Amino acid sequence: MAKSIETLEKSIKDVPKAKKPESKKNWFSWGLLAPVLFFFILMSVLPTIWMFGLAFYDYTLTSANKPKLIGFKNFFDFLANQQLAGSVSRTFIFLLCAIILQTFLGILIGVLFWKNDKMPGRRIALTLFFTPMVVTPIATSLFWKFILDPTLGVINYFVSVLGFERFDTLTDRTLAFPTLVFVDTWMWTPFMTLMTLAALGSVPKAELEAARIDRLPLIRLIKTVIWPHAKFILGLGILLRTIDAFKTMDLAYVLTGGGPGDRTELIAVSLYRFAFKSFKLGYSSAVSVFLLFIAIALTAIYLYILNARKKAEE
Amino acid sequence: MAETTFKAKRKPGPIRFATLGAWGISLLFFLPVAWIISTAFKPKESIVVSPPVFFFKPTFNNITEALSFDNTLDYFIHSIVYSFGSVTIAILVSYLAAYSFSRYKPAGTDFLMFLLLSTRFVPAAAFVVPYFQLFNLLKLKDSYIGLIAFYTMFSIPFSVWILKGFLDGISQRYDETGLVYGASRWHIMFKVILPQVKPGLVASFVFNILFVWNEFLFNFQLGGAKTFGVPVGLFTGSTKGGAIDWAYVASIGTLYVLPLVVVIYAFQKYLLVGLTFGTVRGEV
């Protein structure tokens, strides 16, 4: 009996597979991918390889010396660089402050709008509220520069009316960093609100209704009904903000230029300065490689949460 | 009718208060932008004065003056050309790729999707050097071809992610039925399936335009006088001659922001999917 099954299996294996349509399908599926792969290789893979290559060279545009292969020296230099370590840790402090504030405010405002799903003019109110996050950071920082200006700015006008000394937040050593966090919070709190609304929207209506009928206390409602559904989207929101805050460059560059001193010098700003102010292309590429790996790690975490959500829903 | 009576019965007290709060917060967040818009309509002499002017006779002088500068209009034209050009190409090629990912799942689909997404998560400043050199080498600097190629890749990850999401939601039965009836693959892709993912196409079109429209660093480094867009124009135009020309910033800023406000109003339901690069869909 066992033997006959074995032979049967073998004979099934020996049957030539219907290969032709399979390979034709394969050809077609890759053909459809070809244009995207073309752009991907030309405009993503090639520059990445180029960047990896540059990172091993001593290459400064302004120096007369020819680019020289120096192995891992750029990486060691970069790891030993105190100033850069400073901007990395500053970026993390910035990230932490900005994201905690934005998440907290975002959730509060999100719940407010969620509770008010029938308020008059909700769509217009949300439009006004969401505007800060779609304005390009260049415009945002210029706008705030105008508003915070020590002599012309409208905020300082009110400060002086209230009888206080006018202050220049953007060049003040202690105030510059909090101001950057503040402007970033103004820009991105709406995003966390948007994510909160989406997270709350992902809770099935039936479960909410059941909880309402059972008169579930608020804390248990959040813990047992809302949180299990909402945590994924909220997590994705926080992670996206992390990624974005870590990329912050235009905002800080125009608003404070990294100053005063290095008080608001975030990692992306340093990087830009290395490349386009001191033209150390090799060195800046080494830093870029480091940032690339951070970005890939963050993407992996992001997809992990996304998949966890998919699994939980099934 | 029944519904209206029911509505009227609802307690107006706390809801009113919350509504007021929500409106108040919205206005508070919009206030800085509103201040810039109002500045654009102020008479020139009352923009850079020490107690700020709150009441004034609106005038279009600043805006017409800003537009009369040599390259202001050019910035807008450049922005429109490269953003619409690249996003159109990106959506076309992304649809093909997303269809392939969704229907045939070629080996490495997940990995490719992962790589595509990660390209959008790298700080722009990290990549600008290799692009800068590559563009110099290939003589693509300050050319539409170069910028459009770059922005096409810039728009592809989001488009692929969002279109794959929508395509996965459409039953394969449509494809199978089409095949049984002898329709060609192209007919199925473009005549049967494409109309069903319209929301995905709209969302990726609108938001990629928005992202490309807002992009600064690459346009600044890879472009030139012939291809600089609005953000670069704002940046360089604002610092002409040392001091910042606030009338110019406010006028161009206003012309720049108003279309964005209209876009958010019109496409609010796509905002979520747009800002999460097509990875999250849901209601707001």
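Can you list the trypsin sites (Lys or Arg not before Pro) in the stretch A:89-120 that are in a DSSP coil and have 16 or fewer other beta carbons within 10 angstrom?
Sparse-neighbourhood loop trypsin sites (Lys or Arg not before Pro): A:118.
Partner chain Cβ atoms within 10 Å, averaged over the residues of A:246-259 - can you pull that number for me?
3
Residues in the stretch A:101-132 near a label at residue B:18, defined as backbone nitrogen under 11 Å from the 7 Å Cα→Cβ point?
Only A:111-119 pass the distance filter.
Taking amide hydrogens as modeled 1.01 Å from N in the peptide plane, which residues meet the under 5 Å criterion relative to residue A:58, leaving out close sequence neighbours?
A:68, A:69, A:70
Once you put a point 7 Å from the Cα of residue A:219 and another 7 Å from the Cα of residue A:206, both along the Cβ direction, what distance in nm separates them?
Simple spin-label model gives 3.0 nm for this pair.
In what order, largest first, do B:192, B:257 sit by accessible area if the probe radius is 1.4 Å?
The residues order as B:192, B:257, largest area first.
As I understand it, the dipole of chain B uses +1 on the Cβ of Lys and Arg and -1 on the Cβ of Asp and Glu, about the Cα centre. Which of B:121, B:234, B:147 lies farthest toward its positive end?
So the residue furthest toward the plus end is B:121.
What ³J(HN,Hα) values, in whole Hz, does the Karplus curve 6.51 cos²θ - 1.76 cosθ + 1.60 give for the stretch A:240-248 when θ = phi - 60°, with x put for Gly and Pro?
Listing the rounded values in order: 4, 5, 4, 4, 6, 5, 5, 8, 3 Hz.
Based on Cβ point charges of +1 for Lys and Arg and -1 for Asp and Glu, what charge dipole magnitude is obtained for chain A about its Cα centre, in debye rounded to the nearest 20?
That gives a dipole near 980 debye.
Can you give the calculated 222 nm mean residue ellipticity of chain A, where each DSSP H run of n ≥ 4 adds -39,500 (n - 2.57) and the sum is split over every residue, rounded to the nearest 500 deg cm²/dmol?
Helix contribution divided over all residues of chain A: -23500 deg cm²/dmol.
Which listed residue (B:264, B:28, A:204) has the Cα farthest towards the positive end of the charge dipole for the protein assembly as shown, taking +1 on Lys and Arg C-beta and -1 on Asp and Glu C-beta about the Cα centre?
The residue sitting most towards the positive pole is A:204.
Counting partner chain Cβ atoms within 10 Å of every residue's Cβ in B:190-202, what's the average?
Going residue by residue through B:190-202 and averaging, the value is 0.
Rounded, prolate or oblate: which fits the protein assembly as shown, taking a ≥ b ≥ c as square roots of the Cα gyration tensor eigenvalues, rounded meaning a/c under 1.5, else prolate when a/b beats b/c?
Oblate is the answer for the protein assembly as shown, as a/c is 1.5 or above yet b/c matches or exceeds a/b.
From the phi of every residue in the stretch B:163-172, what ³J(HN,Hα) in whole Hz does the Karplus formula 6.51 cos²θ - 1.76 cosθ + 1.60 yield, where θ is phi - 60° and glycine or proline is x?
Those phi angles translate into 5, 4, x, 5, 5, 4, x, 9, 4, 5 Hz.
If you project the alpha carbons of the stretch B:71-275 onto the principal axes, what extent comes out on each, in Å, largest first?
Reported extents, whole Å, longest axis first: 69, 41, 25.
Among A:58, A:244, A:117, which one moves the most in a GNM of chain A with springs linking Cα atoms closer than 10 Å?
Of A:58, A:244, A:117, the Gaussian network model singles out A:117 as fluctuating most.
What is the spin-label model distance, in nm, from residue A:277 to residue A:83 if the labels are put 7 Å beyond Cα along the C-beta direction?
In this crude label model, residue A:277 to residue A:83 measures out at 0.8 nm.
What's the magnitude of the charge dipole for the protein assembly as shown around its Cα centre, counting Lys and Arg as +1 and Asp and Glu as -1 at the beta-carbon? Answer in Debye, nearest 20.
So the magnitude is around 1520 debye.
Just reorder A:128, B:92 by solvent-accessible area, largest first, 1.4 Å probe, all chains present.
Putting A:128, B:92 in descending order of accessible area: B:92, A:128.
The values are calculated or read from the model by the stated rules, or taken from the named source; none is laboratory data. Only a predicted model underlies this, so the values are computations on that prediction, with no experimental measurement involved. Because the Cβ atoms are built from the backbone with ideal geometry, glycine has one as well, and the counts that use them run over all protein chains shown. Heavy atoms of the whole protein, side chains included, go into the accessibility calculation; ligands, DNA and RNA do not. Shrake-Rupley method; radii C 1.70, N 1.55, O 1.52, S 1.80 Å.
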